[in-house]
Structures are given as C-alpha cells and as structure tokens.
Amino acid sequence: MDCNEVQERIALGQRLARAESAHAATCAACGRVAEAWGTLDAALDEIRPVAEVPAGFADRVMQVIAKKENESRSLRWFEYRWVQVGLANVGALVSLYNLFRFVAHVLVASLTFGGTP
C-alpha cells in the first residue's frame, strides 16, 4: 500500500477501499492526513449554509473591474496618439540635426578642430 495514493484519495474525497481504510487507521502519516481533511470538511460544512453568494455578484465584480481598468487606461498620457506622433517627430528632428552636424564636421575640417584645412 502506497501512502501517497491513500493520501491523494483522502484529499480528493474519494471513498477508500477496505485495505486503504485499514492502512489509514494504522499508518500515522495517513491518519494525520485523514484527520486534517476530516476537520477541514467539518469546518466547511459549518460555513456553507451561512456563506451564500448573492445572485449577480460575479457580474457586479466584473463590471467594477472593467470600470477601474478603463479609468486607469485613460490616465496614461504616453498612449495618446498625438503624444506618440509628437515624440516621433522630435526624435526625427534631433536625428536629422545630428546627421547634418556630423556631415558638416567631416566635410569642413575647420569646423571640427577650429583650425584651417
């Protein structure tokens, strides 16, 4: 008899065969697992009648989550299209400026070191 198999069956709430029940009664580890799961099941049986989920609860929760996501998405300034286009244009202008400055410094040596060619 394998303890893991017996403990899995106990945890899954499956009925134990006679041999497995006898093993759980004599094995200390399996007995502790059976006792723990029995205590948990008893506690859940006491709570279940009290804890009833109201009708439509999940729908209301999902609506609140969707509303919060929409609110947080509107706060991201860098996701606006005009901001993205503006930043791309600024980047392009800086790149062109650096390109022209590099070409000017290469072609005109006097600009590079301040001397004459």
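Points worth noting:
- For the stretch 4-103, the share of alpha carbon pairs falling in successive 5 Å distance bins from zero is 2, 10, 10, 8, 6, 6, 6, 6, 6, 6, 5, 5, 5, 5, 5, 4, 2, 1, 0 percent.
- Report note on the peptides 85-95, 10-20: ranked by the mean count of other C-beta atoms within 10 Å, highest first, their order is 10-20, 85-95.
Every number here is computed from the coordinates shown, using simple stated rules; none is lab data. All of these numbers come straight from a predicted model, not from anything done at the bench. Positions of Cβ are generated from backbone atoms using ideal geometry, with glycine treated the same way; all protein chains shown enter the neighbour counts.
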